[in-house]
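Worksheet: the structure to be examined is printed underneath.
The values are calculated or read from the model by the stated rules, or taken from the named source; none is laboratory data. Quick caveat, the model's predicted, so the values are computed rather than measured. We place every Cβ from the backbone using ideal geometry, glycine too, and count neighbours over all the protein chains shown.
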Amino acid sequence: MFKTALALMRAYGYRPATTLQHKTTVEFCEAVLDSSWKASLGFFDDMWQKRNRLTYDGDVMIGRPEAEAAIMEAIEHDNPTLKGVLPKDYARPTLDK
């Protein structure tokens, strides 16, 4: 998601500041994308913040359901035609039966 957002930013002729790259990139996307992207941007922003807290502070954990939701969001982001089509119990053994 971050690399896609950076590509969008560069397509508009901008680049993020050397500090707070994630924050400025998300703010840019919020400014140029329509409101249908708001939920996805918020979701990825939350996941990025949790990733940083886990990596640098070690004070947050992401559970399996949240990790699976992140995977589904990424798949649907890359393949919009799959939005609402894929089962919500992604990566569970029952899907293989």
Members of the stretch 38-61 that are assigned to a loop (DSSP other than H, G, I, E, B) and exposed (fewer than 12 other Cβ atoms within 10 Å of the Cβ): Gly58, Asp59, Met61
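Only residues that are assigned to a helix (DSSP H, G or I), touching a helix residue (DSSP H, G or I) at 6+ places or on another chain (Cβ under 8 Å) and either of a type in the set (Gly, Ala, Ser) or at pLDDT 75 or above (or both): list them for the stretch 70-97, please. Before the answer, list the steps.
Step one: of the stretch 70-97, the residues assigned to a helix (DSSP H, G or I) are 70-78, 80-82, 93-96.
Now restrict to residues that are touching a helix residue (DSSP H, G or I) at 6+ places or on another chain (Cβ under 8 Å): 70, 73, 75-77, 82.
Answer for the stretch 70-97, where residues must be assigned to a helix (DSSP H, G or I), touching a helix residue (DSSP H, G or I) at 6+ places or on another chain (Cβ under 8 Å) and either of a type in the set (Gly, Ala, Ser) or at pLDDT 75 or above (or both): Ala70, Glu73, Ile75, Glu76.
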Matching residues, the stretch 1-37, being of a type in the set (Lys, Arg) and either more than 22 Å from Met72 (Cβ to Cβ) or part of a loop (DSSP other than H, G, I, E, B) (or both): Arg10, Arg15, Lys23
